[in-house]
Amino acid sequence: MAVFDTPEEAFGVLRPVCVQLTKTQTVENVEHLQTQLQAVSDSALQELQQYILFPLRFTLKTPGPKRERLVQSVVECLTFVLSSTCVKELELLRELFSELSACLYSPNSQKLAAVSEELKLAVIRGLSTLMHSAYGDIILTFYEPSILPRLGFAVSLLLGLAEQEKSKQIKIAALKCLQVLLFQCDCPDHPRSLDELEQKQLGDLFASFLPGISTALTRVITGDFKQGHSIVVSSLMIFYKTVSFIMADEQLKRMSNVQTTPAVENRVAELMVHREADWVKNTGDKLTILIKKITECVSVHPHWKVRLELVRLVEDLLLRCSQSLVESAGPLLKALVGLVNDESPEVQAQCNKVLRHFADQKVVVGNKAFADILSESLHSLATSLPRLMNSQDDQGKFSTLSVLLGYLKLLGPKVNFVLNSAAHLQRLSKALIQVLELDVADIKIVEERRWNDDDLNASPKTSAAQPWNQIQRRYFHFFTDERIFLLLRQACQLLGYYGNLYLLVDHFMELYHESVVYRKQAAMILNELIAGAAGLEVEDLHEKHIKTSPEELREIVTSILEEYTSQENWYLVTSIEAEDMGEELMVKESGLQAITPGAHSYQVTSFLAFSKPSPTICSMNSNIWQICIQLEGIGQFAYALGKDFRLLLMSVLYPVLEKAGDQTLLISQVATNTMVAICHACGYDSLRHLINQNSDYLVNGISLNLRHLALHPHTPKVLEVMLRNSDASLLPLVADVVQDVLATLDQFYDKRAASFVSVLHALLAALAQWFPDPDDLRQLQEQSLEEERSQRPVTLENTTTAEDIEQFLLNYLKEKDVADGNISDFDNEEEEQSVPPEVDENDTRPDMEPPLPVHIQIATDVMERCIHLMSDKSLQIRLKVLDVLDLCVVVLQSHKNQLLPLAHRAWPSLVHRLTQDTPLAVLRAFKVLGTLAGKCGDFLRRRFCKDVLPKLAGSLVTQAPISARAGPVYSHTLAFKLQLAVLQGLGPLCERLDLGEGDLNKVADACLIYLSVKQPVKLQEAARSVFLHLMKVDPDSTWLLLNGLYCPAQLLPPHPSLHPLRLQLSGACGQQNPYSANVLLLLRELQ
Amino acid sequence: SALPSMATPLPPPAPDPQFVLRGTQSPVHALHFSRGAQAQGCLLLFSGSQSGLVHIWNLQTRRTAATLDGHGGQCVTWLQMLPQGHQLLSQGRDMKLCLWDLAEGRSAVVDSIHLESVGFCRSAILTGGWPHWTLAVPGKGSDEVQILEMPSKTSVCTLKPDADAKLGMPMCLGLWQARSSPRPLLLAGYEDGSVALWDISERKMCSHVTCHEEPVMGLDFDPQQARGISGSAGKALAVWNLDRQQALKVHGTHRLTNPGVAEVTIRPDYKILATAGWDHRIRVFHWRTMKPLAVLAFHSATVQCVAFAPNGLLAAGSKDQRISVWSLYPP
C-alpha cells in the first residue's frame, strides 16, 4: 500500500511532519508522523531513516520531565521505523540502545522508573526490534567490551522486569528481549552461527552477567507455581542457554590462564571477567547451588511443559558443561531419571530420548566422573531407601523409586560397580525386601476353597500382550499404589538385565534362606531378576551389552527351581485340616443295621484337628502367598527360557500340577495360570496337550513319590489330573504306574485308602472312556436310531391285524416249546458259537493263554482291590469303591472270563451293602447291581433272587406299616431313606435282570403296599416307579395285578356268553380305596 | 533270609532312583552308556529289550532319541559302543551280532556276524589296537569261545576247554590286555560255576578256578588290582585274584540273601560295583573291601542288567520293563 516509493516523494511528505514534531513535541504529532510513515515504502524509509529518527530521538533527549504518553508514542514510532529498516551504523545502534534503555530508568533512584505498563512494554519491544534491525556484522561489533556497562544496564533492567512486574505480558516480553540480547533469539533474522573467536568474545562479555542472570532467573523459576508456566519455561531456557554458553567445556578448554588485557578504559576493565580455572570452579560451585534449587523445585512443577524444559536443561548442561559443571551432575542426573516415569507421555518420551542419547554418546558410561557420580548417587539412594520407603507416602515412594529406576537405566552395565560392593547391595536389597513386604491379614485367601475339578480342561487364553507380566493382585504393607509395585518390578528386572546375575541370585537366594520374613519378597525379586535377565521387556539403552547366555540362564533357573520346589519350601501348611484326617467328612454311624425297624439318626460331623496347636491364619496366608509367588516365578521362568524350559518340565511339571489340584482356591488358580504360561512359553496348544506330552515326566514323579507317600500325600491327586488329561496312547505308561499305585495301596490300606480310591476311580473312568465296549457303541447307535424312529409320527400303532396276532401266537408256542425243553434249531447256533478259538500261530507256548490286553489286566487288578475295600469302615470310601466297582464291570464286560469270577467274589460283600448298609451305599450298590445285570444278567439273576430279593422284599413288607403310620419327621430317619433307596433301586434292576414271573411277583407284592396313599409321598412315587419298570417287563400281569388292587371300571366281557370278570379283590368295582389314586396313575401309563 | 547281625549295622534308608525310564514295553536285557559322537554330545543310554529293539535314550530329556530294530523280535542281550563313538554292536538271540552306524542321525546295520550259538553268553571286545579290534563270541561248539579279528571278521582261534574238563557252556566273557604284556587275555565264566583265564595268542587256558556251585552269570575284572568278581545263579559273589603266574585264586566270597545275579559291573573308577539281582534288587558294594553299601529296592521283577556311565551314573534294567537310573556315591 506504499504510496511513496521514492525517497524524494517521501521526503516531501515527511519533512513537514518531522519539522512539526521537532517544534512541538506532542503525542498527536508523533502519531501523525507514524501515520504518514505507513504510506512510505521500506526502501524510501531506509534512505530517510536518520532524518526521521532525528525528531523522535530529539523528543526523547529533551531534558526535563516528559509525559509518559508522549515517550510511549515516540518509542512505538521508533520501533515502527526500526522494524522496517536496518541500522547500519554502530554508533547509531549504541545510541539508540542507550536512549531506549534510559526510558525506563529513573536516574534518581537507580532503579526502574515507576512508569506505566504500556510504556514498559513499548520499550521492551523497541529494544528487541532494535537488536533485530542491526545490519549484518555490526551486531558483533556492538558486543565489544565498551558496551558492557550499557548492556549490563539493559540486562538488569530486563531481569528486573521479568522478576518484579505483575503483568505476565511484560514478563514474557522482557524474557524474550533478554534472549535477543543474549544472542539466544531463535528467529530467522539471526542466521549465522558464531565462530570460535566470536563465541569466546561473547562468552567473555556475558560472563560478567552470569551471576546476575542466573540468580535472578533462579528466583523467577523457583517462584510461585501460579505465575504461569510459560514464564518458567522461558526462564529455564534462558538459564540453561546462558549457562551452557558461558560455561561450555568447548570454550573453557581453550581459555588461557593469562588475561589478555583488552584495550578498554579502566572502568570497563573492572567489569570484565576472565574465565580462568578458579573462576570456573567458583562459578560452578555457585551454579550448583542454583541448579539444585531449580531441579528440586521444577521436578515437581505441576505443568508438564515446565518439566519438559527441565529435561532439556539437563540434556544441554550435561552435554555441554560436563566438566565445568561436574558438581551439578548429581542433581541434574537425579532430575532426569526422576522424570523417566513422568505422568506426561511427552516428558517421558523426551526423557527416554535424552537417556538414549546419553547412552549413545556414552555420556555416563564413557565418563568416569559421571559414572562415579551416578554410582555415588545410587549408593546414597540405596542408603536412604529403607528409611524413605518407611516414611514416605505413596507419591513420595513413587518418585523415589522412579529415581532408582532412572539410575539403573543410566548406569546400565556399570551398575555392577555398585552391586560389587557388599554394603551397597545389602542396602539396596534391604530396601527392596522391606518395601515388598506383603500384607497377609486377608482371611479370605485361606478360606476360599476350590470345588470344581475340571477347570484344567480350559484351553489357555492369550489375552495379554505380555503374558509374563500377568500376576496375581496382591496387597502390600507399605504402599497401595499399584504403580509402585510396577516400578519395583521394573527395577528388579533392570538389575537382572544389567547386573551380575550370579551375584544377585546368590544374594537373594541367601535372603530367601535366611528368614521366613524375607522369603516371599526374595522370591518375588528372584522372579523379576530372571524375567529381566531374559530381556523380556527391558528396553536396552546400552547396546552391545552382553546378556546372560541361555545356558547360564537355564542353569540359574534350574537352581532356583530346585529351591522353590524343595520339600520345605513347596509343601507348606495352608489349611487347618490335617492332611491325614480331615480330607473327608468323617461319618459317624450309630452302628445300625440297614433295614431294621425303628428310627435312627445319623449324623455328619465335620472333624477338624483342633487338638494340635494350629498355625495362625496369617502364617497360612503367608504360606499360600509364598507358594503362589513361586508358582508365578515358574511361569515367568518358562517365558524367560522359552522352548528351553521343556527340559525343566521333568522336574517342574509334577509340582505345579500338584498345586493345580490344591484345595486352596488361590493356589490352584495361580498354578493353573502357571501351566497356561508354560503352555505358551513352550509351545503347547493346551493344558491337555502339555500334560499328555509330558506324561512320562509326570509318571516318573508319581511313581517315585508313591514310594514315600507320607511325605507326598498329594501324589494320587496328580495322577488323577494326569489321567483325566490323557488318552489311550498313554496306556503303557499308565499301566506301569498303576502297578506302583496298587503296590502302595496294598501297603497303606488303612491310612490312605481314600485318596487311592479316587485315583482308581479316575483310572477306571479313563479306561472306560478310552476303551468303549463295542456292544455299548452299538447300543448307543441303536438308541439314537430308536430316538429318531420315535420322533416320527407313529401311524401303525393301534392297527393290530389278524396276522400280527397269528404271528404272536406262533412265536408264543415256539417259545413255550423251547421252554419245555424241546430244543430244535438252537442247537446249531450253540455249536457254531462253541468253535474253539483260533490258536495264535505265533504263540510258541500254546499251553499259556495269550496275555490279556493291558486295560483288562488293570481293571482286573483294581476290581480285586475293590472286593477288599468294599467293606471299609469309612462310608466315603465304600461309596467311592462301589463307583469304581461299577466302572470295573463296564470295562470288563467283554472279558467274561475275568469278570465272572471277580463278580462271584465280590458278591457277598455287595449283598452286604444292599442289605446291611446305609441308604447312600444301598443306592450305589443298586447301581452296581444294575450294571452287573446288564453285563452278566444270567449269572446274577439266580443269585439276586436267592440272596437279595427275599431280604429286601421282607424288609419292605415289615417296614411298610411303620411308614404308613409315621408322621412327617419320619422322612428324616434312616429307615425311611433305606425304604426309599430300595424302592428306587428295585425297578431298574428288575428290568435289567429280566426276572422271571415268580420273582417279579415277589417284587410286586412287596411294593404294592407302598401304593397306598397312607405312605409318605416319596415312597409312593418310588413304588410307582417300580411298577413302571415292571410294566415294561410284563405289562399283562402288571395290569392284572393293579386291577386286582383297584379296578376303575366294570370290565365288560367281549361276548355275552362269557362271564363278567371281577378283578378287584375287595369292595365293589370303582369303589375308592387307599390304592385308587396310584393305581389310576399307573393304569393310565399302561394304555 | 537271615536277619542282619549286630555287628553290621543296618544301612541307612536306601535312596530313590534319580529317574526311571519307561517305554521299552518289554523286559530290558542289556544296557550300555556312551557319550554321543560329538565332543559335547550328551550322555546316551542304550537299552536292549526282549522284544528285539534297541532304545537309545537321551539322558538330558530322559526320552528315547531313536529305536533300532535289527534282531527280528529276538531278545537283545549285549550292547557295546565302539571307541570312535558312532558305531554300536548289538547281540541278539537271533544269533546275530549287528554293527550299527549311528553317525549323523543314521541308524543302519552296516555289518553283521552270524553267531553259531544261541547261548546266553554275552560277547566281549578289546579295542587296544584301534582301528583293529578283537571280538570274543560264543562259538559253534557248546563249550567254545571264538575269537575274531575285526573289522576284517577273520577268525583268530577257537578256545575249547579240554574235553574232560566238563566246564559246560561259556556264560560270560571278558577280554583284557595287561599293560605290561601285548598278549590279549580272555576271562570266561562257565556253566559249571568256574572261571577260566585264556591266553589268546597261545590259545591255551592259563588258569581255571571253580568259585561257584551254580553257572557263572556275570563277571567283571579290575586290571589295576588284577582282581575280578563273578556272580552266579547261586547265593554268592566270588572275588578272585590273578597272581603273577597268571593263576586265578579265589580271594573270598560274599554271601547273598537271595540267589541269582544276572550281571556284575565295576564302576569305571574301580571304587564300587553293582549287581543285578534276580530278587528284584540292585546291590552296591565297596569294591576294595566288598562292604555292602546299599540294597536298591525299586524294581518289581528280576533285574537283568546293570551299567555304569563314565560320570558314575548307574542304570539297571529289569524284567518289569523299567530302567532305573541312580546317582550314588558320586565319584
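For the protein assembly as shown, what is the mean residue ellipticity at 222 nm derived from helices alone (per DSSP H run of n ≥ 4: -39500 (n - 2.57); sum divided by total residues; nearest 500 deg cm²/dmol)? That comes out to -16000 deg cm²/dmol. Averaging the sequence gap over all C-alpha pairs within less than 8 Å and six or more residues apart, then dividing by the number of residues, gives region A:895-1030 a relative contact order of 29 percent. In terms of distances greater than 31 angstrom between alpha carbons, the cross-link table entries A:K200/A:K409; A:K717/B:K291; A:K873/A:K946; B:K160/B:K291 yield A:K200/A:K409; A:K717/B:K291; B:K160/B:K291. Karplus-derived 3J(HN,Hα) values for region A:194-203, using 6.51 cos²θ - 1.76 cosθ + 1.60 with θ = phi - 60°, are 8, 7, 3, 5, 4, 4, 5, 4, 4, x Hz; glycine and proline are entered as x. What nm value, rounded to one decimal, do you get for the distance between A:N897 and A:L1058 when each label is placed 7 Å out toward the C-beta? In this crude spin-label approximation the distance works out to 5.4 nm.
Convex hull volume per residue, computed on the Cα atoms of region B:22-115, equals 78 Å³. Using the empirical formula 2.2 N^0.38 Å as the baseline, the Cα radius of gyration of region A:16-135 reaches a ratio of 1.00.
Please compute the Kirkwood hydrodynamic radius over the protein assembly as shown, one decimal place, Å, based on all pairs of different Cα atoms.
42.6 Å is the Kirkwood radius here.
Rg/Rh, computed from the Cα trace of chain B with Rh as the Kirkwood radius, has the value 0.94. If R0 equals 30 Å, the separation of the Cβ atoms of A:Y475 and A:D186 corresponds to a calculated FRET efficiency of about 0.05. Here the residues B:M205, A:M389, ranked from fewest to most Cβ neighbours within 10 Å of their Cβ, fall in the order B:M205, A:M389. Neighbour counting of Cβ atoms within 10 Å sorts the residues A:R254, A:R924, B:R62, fewest neighbours leading, into A:R254, B:R62, A:R924. Both radii come from the Cα set of region A:924-964: Rg as radius of gyration, Rh as Kirkwood radius; their ratio Rg/Rh reads 1.11. Entry note, chain B: relative contact order of 13 percent, from Cα contacts under 8 Å with a spacing of 6+ residues. Here r is the Cβ-Cβ distance between A:V268 and A:E563 and R0 is 60 Å; the resulting FRET efficiency, rounded to 0.05, is 0.20. Given their separation in residues at 0.36 nm each and the Cα-Cα distance between them, A:D994 and A:T383 gain 211.2 nm when the chain is fully extended. Residues whose amide H falls under 5 Å from that of B:K96, counting only those 5 or more places apart or on a different chain, are B:L115, with hydrogens built in the peptide plane.
Taking 0.36 nm per residue of separation and subtracting the Cα-Cα distance, full extension of the segment from A:K1032 to A:H708 would add 111.2 nm. Going from the fewest other Cβ atoms within 10 Å to the most, the residues B:T24, A:T35 appear in the order A:T35, B:T24. Projected label points at A:K305 and A:T62, each 7 Å from Cα along the beta carbon direction, are separated by 4.3 nanometres. Multiplying the residue separation of A:K368 and A:I962 by 0.36 nm and removing their Cα-Cα distance gives an extension gain of 203.8 nm.
Close amide H pairs (under 5 Å, H built 1.01 Å from N) link B:Q177 with B:L185, residues at least 5 positions away or on another chain. Computed 3J(HN,Hα) for region A:164-180, one whole-Hz value per residue from the Karplus formula 6.51 cos²θ - 1.76 cosθ + 1.60 where θ = phi - 60°, is 9, 5, 8, 6, 5, 4, 5, 4, 4, 4, 4, 5, 4, 5, 4, 4, 4, glycine and proline marked x. Dividing the alpha-carbon radius of gyration of region A:895-1030 by the rule-of-thumb value 2.2 N^0.38 Å gives 1.04.
Computed 3J(HN,Hα) for region B:69-81, one whole-Hz value per residue from the Karplus formula 6.51 cos²θ - 1.76 cosθ + 1.60 where θ = phi - 60°, is 10, x, 10, x, x, 9, 3, 8, 10, 8, 9, 8, 8, glycine and proline marked x.
Remark on A:Q392: its backbone amide H falls under 5 Å from none of the residues 5 or more positions apart or on other chains, H modelled at 1.01 Å from N.
For region B:117-244, report the convex hull volume of the alpha-carbon atoms normalised per residue, in Å³, without decimals.
About 97 Å³ per residue, rounded to a whole number.
Here, each number is a calculation from the coordinates, and none is a lab measurement. None of the values given here were measured: they were computed from a predicted structure. Because the Cβ atoms are built from the backbone with ideal geometry, glycine has one as well, and the counts that use them run over all protein chains shown.
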